[in-house]
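Engineer: Pasting a structure below so you can have a look.
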Amino acid sequence: MPNKYPAFEQQEVVVHTPEHARSIAELDKPQLELVAEAWRLRAADAAEAGKTLFAAINEGRTAGASLPHSHSQLVWLDEEPPVPRAEGGADVCRLCDYVESERREGVRIVEEGEGLVLLCPYASRSPYECLVAPLQHERDGFGSALLGKGLSLAAEALGRVNEAEGRRPMNLWLHESGHWHLELLPRLTVLASLELGAGHYINTLAPEQAAATLRR
């Protein structure tokens, strides 16, 4: 459905469930598979129109959500956004190398299985930041059979954050460049001038501690 308050010429909303739910942490795996399928279909339509689809989820007003019901934002763009574009383009996949390095070290891995890994990045921008990525190199996130499972893993991580810290706003997005992945950013802190102006992030929780808290 169209966005009521679009910031771009073509911006859509995917309503995640007809039942009232405030968070993806409340959705079950079949529901999240349907969300992944909706993203997949709209990404195919966007590509056919010569556009790039950017998919994201905002939860909580301080994270940019204007509605409390769980939903996704799908933005049709003329070209790939600069942040994901900067992640790709290298001859060697940096994310493949990074994931392998994290698996060898082990301390920031939260969970691994069904072809996916969930970890707290060593340079986390905020407490409990999470990365979900396929273990094997995959470029097409929207077309991946693992996308629904990836959303479920991110939702499970958010549920564990909520158990540890209480319900928190969050942002989640899909990046496809090079090696697709989901980034989950719970909002436990406020971004200030140093983060926004200089790109230096103050994280009060070590990712090793965050991963230990989120493990089951």
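The values are calculated or read from the model by the stated rules, or taken from the named source; none is laboratory data. Given the structure is predicted, the values throughout are model-derived calculations rather than measurements. For neighbour counting, all protein chains shown are included, and Cβ atoms are generated from backbone atoms with ideal geometry for every residue, glycine included.
Engineer: Kindly indicate which of SER126, SER177, SER144, SER193 is among the hydroxyl-bearing types (Ser, Thr, Tyr), free of Cβ contacts under 8 Å to residues at least 24 places away in the same chain and surrounded by fewer than 23 Cβ atoms within 10 Å (Cβ to Cβ).
Structural biologist: Being among the hydroxyl-bearing types (Ser, Thr, Tyr), free of Cβ contacts under 8 Å to residues at least 24 places away in the same chain and surrounded by fewer than 23 Cβ atoms within 10 Å (Cβ to Cβ) holds for just one of SER126, SER177, SER144, SER193, which is SER193.
Engineer: Moving to a separate point now. Can you tell me which residue within segment 102-120, out of those that are under 17 Å from LEU151 (Cβ atoms) and outside any strand (DSSP E or B), is modelled with the highest pLDDT?
Structural biologist: This residue is GLY115.
Engineer: Taking segment 196-211 as the search range and keeping residues that are touching a residue at least 60 places away in the same chain (Cβ under 8 Å) and in a helix (DSSP H, G or I), which one is surrounded by the fewest Cβ atoms within 10 Å (Cβ to Cβ)?
Structural biologist: Out of the qualifying residues, it is GLU208.
Engineer: Can you tell me how many residues in segment 80-96 are within 22 Å of LEU147 (Cβ to Cβ), part of a loop (DSSP other than H, G, I, E, B) and of a type in the set (Asp, Glu)?
Structural biologist: 1
Engineer: Looking at (1) part of a loop (DSSP other than H, G, I, E, B); (2) touching a Gly at 6+ places or on another chain (Cβ under 9 Å); (3) not β-branched (Val, Ile, Thr), which is the one condition that is false for LEU182?
Structural biologist: Just one mismatch for LEU182, condition (1).
Engineer: Another question, then. Polar (S, T, N, Q) and either within 24 Å of ARG216 (Cβ to Cβ) or in contact with a His (Cβ under 6 Å, 6 or more places away or on another chain) (or both): is that true of SER72 in this structure?
Structural biologist: no
Engineer: Then there is this: Tell me, which residue of segment 72-85 that is free of Cβ contacts under 8 Å to residues at least 40 places away in the same chain and loosely packed, with under 14 Cβ neighbours inside 10 Å is farthest from HIS181 (Cα to Cα)?
Structural biologist: ASP78
Engineer: Looking at VAL99 and the list (1) in contact with a Leu (Cβ under 6 Å, 6 or more places away or on another chain); (2) assigned to a helix (DSSP H, G or I); (3) in contact (Cβ under 8 Å) with a residue 24 or more places away in the chain, which single condition is not satisfied?
Structural biologist: (1)
Engineer: Still on this structure, please answer the following. Could you tell me which residue of segment 22-66 is farthest from LEU147 (Cα to Cα), considering only residues that are surrounded by fewer than 16 Cβ atoms within 10 Å (Cβ to Cβ) and among the basic types (Lys, Arg)?
Structural biologist: Checked segment 22-66; the qualifying residue farthest from LEU147 (Cα to Cα) is ARG61.
Engineer: What tally of residues in segment 126-166 results from selecting those that are among the basic types (Lys, Arg), in contact with a strand residue (DSSP E or B) (Cβ under 9 Å, 6 or more places away or on another chain) and not in a helix (DSSP H, G or I)?
Structural biologist: Here the count works out to 0.
Engineer: Which members of segment 198-213 meet the condition of being touching a Cys at 6+ places or on another chain (Cβ under 8 Å) and either at pLDDT below 90 or of a type in the set (Asp, Glu) (or both)?
Structural biologist: GLU208
Engineer: Looking at segment 147-174, which of its residues are of a type outside the set (D, E, K, R) and surrounded by fewer than 20 Cβ atoms within 10 Å (Cβ to Cβ)?
Structural biologist: If the condition is that a residue be of a type outside the set (D, E, K, R) and surrounded by fewer than 20 Cβ atoms within 10 Å (Cβ to Cβ), then GLY159, ASN162, ALA164, GLY166, PRO169, ASN171, TRP173 are the ones that fit.
Engineer: Related question: Within the group LEU53, LEU41, which residue is modelled with pLDDT of 95 or more, over 25 Å from GLU163 (Cα atoms) and more than 16 Å from the chain's Cα centre (by Cα)?
Structural biologist: Unique residue meeting the criteria: LEU41.
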